[in-house]
Amino acid sequence: MTTGIRLIVGLGNPGPEYDATRHNAGFWLADQVARGLSAQFSIEKSFFSWVAKARVQGDAVIIAKPMTFMNRSGQATGALMRFYKLVPEQVLVLHDELDLLPGDAKLKQGGGHAGHNGLRDIQSQLGSAAFWRLRIGIGHPRTLGLNQQVVGFVLNPPRREDTLKIESALDRCRAVVPALIEGRFEQAISQLHSGNGS
């Protein structure tokens, strides 16, 4: 079995009112990844998702954006993983991360969900935490000096200066996707993490 990533799931909330909110950073990156692989999204109701399909060196790579709300993200992820007969180690989840500053991004395999409802549901649906996570820093209201509850913070658009930093992180994330698809995880981690805090 190939060891590279075969299913890439961007997390966010569906609907135009959420498009520009911090919690949709996973959707933003999924859109960029699909564009980079010349893949188009279409609705696939049996997978509760918008799905884009690409071929990379002969292997199918699926990019998905669940149509369910964030806390039900596992429904789509589980359905796709089972249909394509994948294992959690071949799944990459793209999501916003409160614990990283805007402009930072980290890649890791496994671990907890740190209160992220999308990750919690995926972990429960897959019965495993062994999937990969690409964590896109959006900052925390406290670290950014904002007097805002976390819920309101993630469901609002980032400030202009933070948007520019997040866009730069998304560019760096997109650049390591080919290595992830080919299973070159250590190279992807070192390339991505070397750009943090710059």
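The values are calculated or read from the model by the stated rules, or taken from the named source; none is laboratory data. Just so it is clear, the model here is predicted, and its values are computed rather than measured. Neighbour counts are summed over all protein chains in view; Cβ atoms, including those assigned to glycine, are modelled from backbone coordinates with ideal geometry. Ligands, DNA and RNA are stripped out before the accessible areas are found, and what is left, the full protein with its side chains, is counted by its heavy atoms. Shrake-Rupley method; radii C 1.70, N 1.55, O 1.52, S 1.80 Å.
On full extension of the chain, what length is gained from Ala129 through Thr3, given 0.36 nm per residue of separation minus the C-alpha to C-alpha distance? Could you put the intermediate results ahead of the total?
Values: separation 126, 0.36 × 126 = 45.36 nm, distance 1.65 nm.
Additional length available on full extension: 43.7 nm.
Under Stokes-Einstein, with the Kirkwood radius over Cα pairs standing in for Rh, what whole-number D in µm²/s applies to the chain at 25 °C and 0.890 mPa s?
This corresponds to a translational diffusion coefficient of 149 µm²/s.
In a shell of Cβ-Cβ distance under 15 Å around Arg172, excluding Arg172 itself, what net charge do Lys and Arg (+1) and Asp and Glu (-1) give?
0
Spin-label point model (7 Å from Cα, Cβ direction): what's the Ser38 to Gln187 distance in nm?
In this crude spin-label approximation the distance works out to 2.2 nm.
Can you name the helices of the chain, as whole DSSP H runs, whose Cα span along the helix axis is 20 Å or more and whose Kyte-Doolittle mean is not below 0.0?
On the way: long enough: 160-181 (32 Å, 0.10).
Helices meeting the span and hydropathy rule in the chain are 160-181.
With a 1.4 Å probe and every protein chain kept in, tell me what percent of the accessible surface of the chain is carbon plus sulfur.
Summing carbon and sulfur atoms, their accessible area is 51 percent of the total for the chain.
Just add up the charged neighbours of Asn71: K/R +1, D/E -1, any other residue whose Cβ is under 12 Å from the Cβ of Asn71.
Neighbourhood net charge equals +1.
Once you have the Cα-Cα distance between Ser168 and Lys53, take 0.36 nm times their residue separation minus that, and quote the gain in nm to one decimal. List each step's numbers first, then the result.
Numbers: separation 115, 0.36 × 115 = 41.40 nm, distance 2.52 nm.
Roughly 38.9 nm would be gained on extension.
Find how much the distance from Asn196 to Thr143 grows on full extension, using 0.36 nm per residue of separation minus their present alpha carbon separation; answer in nm with one decimal.
Contour length minus Cα-Cα distance gives 17.4 nm.
Gap in Å between the Cα centre of segment 10-66 and the Cα centre of segment 128-159?
Cα centres, segment 128-159 to segment 10-66: 20 Å.
By accessible area of protein heavy atoms, probe 1.4 Å, what ranking do Met67, Met81 get, highest first?
Putting Met67, Met81 in descending order of accessible area: Met67, Met81.
Please list, ordered by chain and number, the residues whose modelled amide H lies under 5 Å from the amide H of Phe131; skip anything fewer than 5 residues away on the same chain.
Gly110
Which far-off residues, 5 or more places away or on another chain, put their amide H under 5 Å from the one on Leu94, with H placed in the peptide plane?
Here Val9, Gly10, Leu11, Leu134 satisfy the definition.
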